[in-house]
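Following: one structure in structure tokens, then a few remarks.
The values are calculated or read from the model by the stated rules, or taken from the named source; none is laboratory data. Remember, it's a predicted structure, so these values are computed and weren't measured experimentally. Cβ placement follows ideal geometry from the backbone for every residue including glycine, while neighbour counts extend to all protein chains displayed.
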Amino acid sequence: MCIASNGVIIKKRGHKADVSFGGNIVETEAGLTKCEVGDHVLVHAGCIIQVLSENEAEELDEIMNLIDGMQYGDNAEKVESTK
């Protein structure tokens, strides 16, 4: 299964953009959306598919961290306490 990931554009060259995913830099296709350096973006299959607000990016980070924690047991107690 594939999912989209959010990152921040750190460099843009025409229809290509370097996006940082927590320090991992990946060259992406930026021609599908209007985006600029500093934008939070959603990337799927190497293409920027959406520009995110800062709040949306933070919420997505929280969700992904929760899922990651559930997988590795870090947040199991937190999940149980929210039921």
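If we keep just the residues of region 4-38 that are within 11 Å of the chain's Cα centre (by Cα) and in contact (Cβ under 8 Å) with a residue 24 or more places away in the chain, which is surrounded by the most Cβ atoms within 10 Å (Cβ to Cβ)?
Val19
Just a yes or no: is a residue in region 14-21 part of a loop (DSSP other than H, G, I, E, B) and of a type outside the set (Gly, Ala, Ser)?
yes
For the structure I just gave you, tell me whether Val37 is at pLDDT 95 or above and assigned to a loop (DSSP other than H, G, I, E, B).
Against the criterion (at pLDDT 95 or above and assigned to a loop (DSSP other than H, G, I, E, B)), Val37 qualifies.
Of all residues being assigned to a helix (DSSP H, G or I), at pLDDT below 90 and not hydroxyl-bearing (Ser, Thr, Tyr) in region 45-76, which is surrounded by the most Cβ atoms within 10 Å (Cβ to Cβ)? Just the residue, please.
Among residues in region 45-76 that are assigned to a helix (DSSP H, G or I), at pLDDT below 90 and not hydroxyl-bearing (Ser, Thr, Tyr), the one surrounded by the most Cβ atoms within 10 Å (Cβ to Cβ) is Gly69.
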